[in-house]
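Participant: Before we start, here is the structure in question, set down as structure tokens.
The values are calculated or read from the model by the stated rules, or taken from the named source; none is laboratory data. If you're wondering where the values come from, they're calculated on a predicted model, not measured in any experiment. Positions of Cβ are generated from backbone atoms using ideal geometry, with glycine treated the same way; all protein chains shown enter the neighbour counts.
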Ligand code: SF4
């Protein structure tokens, strides 16, 4: 499952620099996560960095974008060609 950012976002920007896939960007009112780039941090970290650093816990799994661990790893490989997963 990709992560999403809920309306509780206070636009602090803490998450943006933490994402290993540059999936997070500033939207019109709150920050957003690009579904095609979010791997739940699979391939990079053992936990989801955006959720780890968010001060208001607004980075959550998106049930509308369910993906298996294998699918997330394939997505990671597409984003990081030639690299070795952590
Ligand atoms: Fe980026 Fe990881 Fe958050 Fe997905 S879960 S948006 S890959 S920091």
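Participant: Of the conditions (1) farther than 26 Å from residue 83 by Cα; (2) modelled with pLDDT under 95; (3) surrounded by fewer than 12 Cβ atoms within 10 Å (Cβ to Cβ), residue 62 fails just one. Which one is it?
Facilitator: Going through (1) farther than 26 Å from residue 83 by Cα; (2) modelled with pLDDT under 95; (3) surrounded by fewer than 12 Cβ atoms within 10 Å (Cβ to Cβ) one by one, residue 62 breaks only (3).
Participant: For residue 1, all conditions in the list (1) under 9 Å from the mean Cα position of the chain (by Cα); (2) in contact (Cβ under 8 Å) with a residue 60 or more places away in the chain hold save one; what is the number of the exception?
Facilitator: (1)
Participant: Among what's in segment 15-30 and is away from the ligand (no atom under 11 Å from the Cβ) and in a loop (DSSP other than H, G, I, E, B), pick the residue that is nearest to residue 78 (Cα to Cα).
Facilitator: Selected residue: 27.
Participant: Could you identify the single residue in 50, 38 that is within 10 Å of the ligand (Cβ to nearest atom), part of a helix (DSSP H, G or I) and either touching a strand residue (DSSP E or B) at 6+ places or on another chain (Cβ under 6 Å) or within 18 Å of residue 9 (Cα to Cα) (or both)?
Facilitator: 50
Participant: Name the pairs: first residue in segment 35-63 and at positive phi, second residue part of a loop (DSSP other than H, G, I, E, B) and more than 9 Å from the ligand (Cβ to nearest atom), Cβ to Cβ under 6 Å, at least 6 apart or on different chains?
Facilitator: Every condition considered, the pairs that remain are 43/85.
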